[in-house]
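In what follows, a single structure is set out as structure tokens and then discussed.
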Amino acid sequence: MLGYLLRRVLAAIPVMGVVALVVFLLLRLTPGDPAAVLAGDNATPEQLERIRASLGLNEPLYIQFFTWVSKLLHGDLGVSLISNVPVLQMIGQRVEPSISIAVATIIVSVVVAVPLGVIAVLGFSVPVFLIGYVLIQVFAIDLRWLPVQGYKNIASGFGPFLERLVLPTLALSFIYVALIARMTRASMLDVLGEDYVRTARAKGIGEIAVLFRHALRNAAVPVITVIGTGFALLISGVVVTESVFNIPGIGRLTVDAVLARDYPVIQAMILLTSLIYVTINLLIDVAYTVLDPRIRY
């Protein structure tokens, strides 16, 4: 197991290196000038040149890249061009709402969907923003059970934290419950015809035990894939959800950075998203070997 895990970690390193190079080149080669954004419309050519020099934009691309990577390796993600605040600090201030919503969503989705998927499947074609607005209309405006928008961190009290987490979590969970349920059902139908399931039934084992103890574990590999991939895809869902519910998370931070062409923030968020994907894929691979030890060989 340790050797398998080490090989997977080593394989992830060049992937992140390629992602870093692509992100750097993509942002540097797209139209637009960060110096012009900072200086404003009335800036003189001399002012623009001074800003470019201070940002290192006059250096050759390869020098800019290696300088950026060197700072990354030392934990320096740069400074926002707009707010002049370290990017790492900005992410730290915004990460709690996004992580809270994502974790709560995946917990609700798994708890509801896996049992449901043993017997049924749901559709999942409704856009998340539409679900969000319906939930706001019903539970916040009509029934007045929950606040419409906003976020309270957990330090403000678990009650206020939880009540502002309910609607965005339900909005995202609606889609992922359906997705996980459908995959669970399909996987269960595949394994229920296997010999070991028929043997278990022939021994007189109860149907619930057959389904959850024998069938579900062997059907769990594709389900784990969907759960892990769904958690990674929540990053895109969180961007929409945070906008609908006015939550100051990393999704909103990403949108604001793109609109303002704040290169350091955009680079950091793309790298962070890529790292999340790579890490989740690594955890999925480890889960595979736990569920089916044959995979590690």
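The values are calculated or read from the model by the stated rules, or taken from the named source; none is laboratory data. Computed from a predicted structure; not experimentally measured. No Cβ is skipped: glycine too gets one built from the backbone with ideal geometry, and neighbour counts run over all protein chains shown.
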Failed condition for residue 6, given (1) loosely packed, with under 12 Cβ neighbours inside 10 Å; (2) modelled with pLDDT of 80 or more; (3) within 30 Å of residue 285 (Cα to Cα): (2)
Qualifying residue in segment 176-188 (condition: modelled with pLDDT of 80 or more and not small (Gly, Ala, Ser)): yes
Positions within segment 150-167 being loosely packed, with under 15 Cβ neighbours inside 10 Å and in contact (Cβ under 8 Å) with a residue 40 or more places away in the chain, in sequence order: 150, 153, 154
Filtered residues of segment 251-280 (kept if more than 12 Å from the chain's Cα centre (by Cα) and among the polar types (S, T, N, Q)): 254, 267
Residue in segment 83-96 that is surrounded by 12 or more Cβ atoms within 10 Å (Cβ to Cβ), at pLDDT 80 or above and in contact with a strand residue (DSSP E or B) (Cβ under 6 Å, 6 or more places away or on another chain) present: yes
Residue within segment 190-203 that is small (Gly, Ala, Ser), farther than 30 Å from residue 133 by Cα and surrounded by 14 or more Cβ atoms within 10 Å (Cβ to Cβ) present: yes
Residue in segment 20-43 that is modelled with pLDDT under 80, of a type in the set (Phe, Trp, Tyr) and over 30 Å from residue 212 (Cβ atoms) present: yes
Criterion: part of a helix (DSSP H, G or I), among the hydrophobic types (A, V, I, L, M, F, W, C) and surrounded by fewer than 22 Cβ atoms within 10 Å (Cβ to Cβ) - qualifying residue of 170, 234: 170
Residues of segment 216-227 satisfying the condition of being free of Cβ contacts under 8 Å to residues at least 40 places away in the same chain and either more than 25 Å from residue 280 (Cα to Cα) or surrounded by fewer than 16 Cβ atoms within 10 Å (Cβ to Cβ) (or both): 222
Failed criterion for residue 194 (all others in (1) touching a helix residue (DSSP H, G or I) at 6+ places or on another chain (Cβ under 6 Å); (2) in contact (Cβ under 8 Å) with a residue 24 or more places away in the chain hold): (1)
When residues of segment 46-81 are limited to those that are at positive phi and within 30 Å of the chain's Cα centre (by Cα), the one surrounded by the most Cβ atoms within 10 Å (Cβ to Cβ): 78
Qualifying residue in segment 219-226 (condition: within 30 Å of residue 149 (Cα to Cα), assigned to a helix (DSSP H, G or I) and touching a helix residue (DSSP H, G or I) at 6+ places or on another chain (Cβ under 6 Å)): yes
Answer residue from segment 251-275, given it is assigned to a helix (DSSP H, G or I) and among the charged types (D, E, K, R) and is modelled with the lowest pLDDT among those: 252
Condition met for residue 258 (out of contact with any strand residue (DSSP E or B) (no Cβ under 7 Å at 6 or more places or on another chain), surrounded by fewer than 18 Cβ atoms within 10 Å (Cβ to Cβ) and either closer than 30 Å to residue 80 by Cβ or of a type in the set (Phe, Trp, Tyr) (or both)): yes
